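Asker: One structure coming up, written as structure tokens, with questions to follow.
The values are calculated or read from the model by the stated rules, or taken from the named source; none is laboratory data. If you're wondering where the values come from, they're calculated on a predicted model, not measured in any experiment. Ideal geometry is used to build each Cβ from the backbone, glycine not excepted, and the neighbour counts take in all protein chains shown.
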Amino acid sequence: MDDRTAADTRAWLILLRAPGLGPAGLRSLVRRAGSAAAALADVERLRGEFRFGSDTLAWLRQPDGARVDADLAWLDSPGHHLLACDDPAFPGTLQEIGAAPAALFVAGDPALLWRPQVAVVGARGASAAGLAHARSFARALAQAGFVVTSGLADGIDGAAHAAALDAGGATIAVMGTGPDLVYPRKHRALAARIAAGGALVSEFPPGTTARTDHFPRRNRLISGLSLGTLVVEASLKSGSLITARLAADQGREVFALPGSILNPLARGCHRLIRDGARLVEEPEEIVAELAPLAAAQGQRLRDRLAAPGAVGPGEAASPGMPARDADYARLLAALGHDPASLDELAERTGLSIAALASMLLVLELEGQVGGRGGRYARAVPSA
């Protein structure tokens, strides 16, 4: 389980299932109380301020213990994580957006949520050419070091996820269900590959089934996690246009592929281009546009984590090692040339998953560590 007390984890799971308590209200409640556990303990005092409905209050007073225990059992499985908005490992890109989620369930590597990402989205009923374009762009973006993020839907989404993995890169699937249910069911094998070599992400608790209103909510996370969103094919009524609009509203870059004027799946992209999206024909155009933003994102993380003056008495920092020297030295000592998962590194070092996720990204940026498929090893020095 991640780096929080058992009481606080249980409190978060109870709050996340409370009917009528949405992400904004939940974030505000936890911020006001100081922690999820404190919020749950102070329900009676806070009920007037937050005007809990009768259903909300009934659940908070007497939650379904069996359901919460099932959520805890899911979290106890290897590679399963809960990232709450008060957690240092919660992705900073999502803290910046409007309607930010209160928490995320992650199956896979949570460190990927801090890496520079590009969303690749488009039509479910994509054409053969559209699928080929999605694969080509996702492959090139993954090879350029970007995480490819999408929604695990049929068509463009699935093609982009698979191509990123096939290229040896990483991919994140943001789900409209709980993290334990796959929709569409035909993507169960793909979802297993993503959990092993990337991350499945959901703001919905385990066991949550697909609902129509879940997918627009999911789309704001796809765009919010990413530096830019590429729309490959989309009709004028496509949900991909919602993702593109959300990306623009969030201050992210929007890219669109042009197509034939006779192709109805090109009309959504053409509308985006008319509305200001950047027309792209080659993956390198996206890489060139986003590379400075990716570098800035990495530098912000360095500045936040590698605080100066943390080297203890009698200890010397290794060349290029970030300044929190004792923990970084422990991590580097635990890393060999055989790749290890986050769970294995947590067991070896005694460090939390949240701390490891951030530290590994800093070490990757410094060129000391390489990561692939959710596993990490020391980088091989160049001759």
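Asker: Name the helices (runs of 4 or more DSSP H) wholly within segment 9-77 that hold at least 2 residues that are of a type in the set (Gly, Ala, Ser)? If you could, list the steps in order and put the result at the bottom.
Answerer: Values: elements: 23-33, 36-41, 43-50, 54-61, 65-75.
Because the criterion is at least 2 residues that are of a type in the set (Gly, Ala, Ser), the helices (runs of 4 or more DSSP H) in segment 9-77 that meet it are 23-33, 36-41, 54-61, 65-75.
Asker: So which residues in segment 335-362 are modelled with pLDDT of 80 or more and not in a helix (DSSP H, G or I)?
Answerer: Those that are modelled with pLDDT of 80 or more and not in a helix (DSSP H, G or I): Leu335, Gly336, His337, Asp338, Pro339, Ala340, Ser341, Gly350, Leu351.
Asker: While we're looking at this one, here's another question. Just the residues that are free of Cβ contacts under 8 Å to residues at least 12 places away in the same chain and not charged (D, E, K, R), please, taken from segment 181-217.
Answerer: Going through segment 181-217, the residues free of Cβ contacts under 8 Å to residues at least 12 places away in the same chain turn out to be 185, 188-189, 192, 212-213.
Ala189, Ala192, Thr212, listed by residue number.
Asker: Still on this model: From the list Leu82, Leu112, which one is in contact with a Phe, Trp or Tyr (Cβ under 9 Å, 6 or more places away or on another chain) and either outside the structural domain of Pro206 (by TED's automatic domain parsing) or not in a strand (DSSP E or B) (or both)?
Answerer: Numbers: Leu112 fails: in contact with a Phe, Trp or Tyr (Cβ under 9 Å, 6 or more places away or on another chain).
That would be Leu82, the only listed residue that is in contact with a Phe, Trp or Tyr (Cβ under 9 Å, 6 or more places away or on another chain) and either outside the structural domain of Pro206 (by TED's automatic domain parsing) or not in a strand (DSSP E or B) (or both).
Asker: Please pick out the residue among Ala36, Ala11 that is among the small types (Gly, Ala, Ser) and out of contact with any Phe, Trp or Tyr (no Cβ under 7 Å at 6 or more places or on another chain). Even if it seems obvious, please write down each step before you answer.
Answerer: Details: Ala36 fails: out of contact with any Phe, Trp or Tyr (no Cβ under 7 Å at 6 or more places or on another chain).
That would be Ala11, the only listed residue that is among the small types (Gly, Ala, Ser) and out of contact with any Phe, Trp or Tyr (no Cβ under 7 Å at 6 or more places or on another chain).
Asker: I need the full set of residues from segment 126-153 which are in a helix (DSSP H, G or I) and closer than 22 Å to Gly268 by Cα, in order please.
Answerer: Just the residues of segment 126-153 that are in a helix (DSSP H, G or I), to begin with: 128-143.
Listed by number, the residues that qualify are Ala128, Ala129, Gly130, Leu131, Ala132, His133, Ala134, Arg135, Ser136, Phe137, Ala138.
Asker: Give the residue that is surrounded by the most Cβ atoms within 10 Å (Cβ to Cβ), with candidates limited to residues of segment 154-184 that are of a type in the set (D, E, K, R) and either in a helix (DSSP H, G or I) or more than 18 Å from the chain's Cα centre (by Cα) (or both).
Answerer: Keep residues of segment 154-184 that are of a type in the set (D, E, K, R), which gives 154, 157, 166, 180.
Narrowing the set further to residues that are either in a helix (DSSP H, G or I) or more than 18 Å from the chain's Cα centre (by Cα) (or both) leaves 154, 157, 166.
Working: Asp154: 15, Asp157: 29, Asp166: 13.
This residue is Asp157.
Matching residues to (1) farther than 18 Å from Ala119 by Cβ; (2) of a type in the set (Ser, Thr, Tyr); (3) free of Cβ contacts under 8 Å to residues at least 40 places away in the same chain; (4) surrounded by fewer than 23 Cβ atoms within 10 Å (Cβ to Cβ):
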position	(1), (2), (3), (4)
Lys237	yes, no, yes, yes
Thr243	no, yes, no, no
Ala248	no, no, yes, yes
Glu253	no, no, no, yes
Ala256	no, no, yes, no
Leu262	yes, no, yes, yes
Arg267	yes, no, yes, yes
Gly276	no, no, yes, yes
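Asker: Separate question: What is the residue count in segment 88-109 for residues that are part of a loop (DSSP other than H, G, I, E, B) and either free of Cβ contacts under 8 Å to residues at least 12 places away in the same chain or touching a Ser or Thr at 6+ places or on another chain (Cβ under 9 Å) (or both)?
Answerer: First, the residues of segment 88-109 that are part of a loop (DSSP other than H, G, I, E, B): 88-91, 96-102, 109.
Adding the requirement that they be either free of Cβ contacts under 8 Å to residues at least 12 places away in the same chain or touching a Ser or Thr at 6+ places or on another chain (Cβ under 9 Å) (or both) leaves 88-89, 97, 109.
Residues in segment 88-109 being part of a loop (DSSP other than H, G, I, E, B) and either free of Cβ contacts under 8 Å to residues at least 12 places away in the same chain or touching a Ser or Thr at 6+ places or on another chain (Cβ under 9 Å) (or both): 4 in total.
Asker: Continuing with this model, one more query. Would you say Ser240 is more than 12 Å from the chain's Cα centre (by Cα) and part of a helix (DSSP H, G or I)? Give the steps one after another, and end with the answer.
Answerer: Numbers: more than 12 Å from the chain's Cα centre (by Cα): yes; part of a helix (DSSP H, G or I): yes.
Yes.
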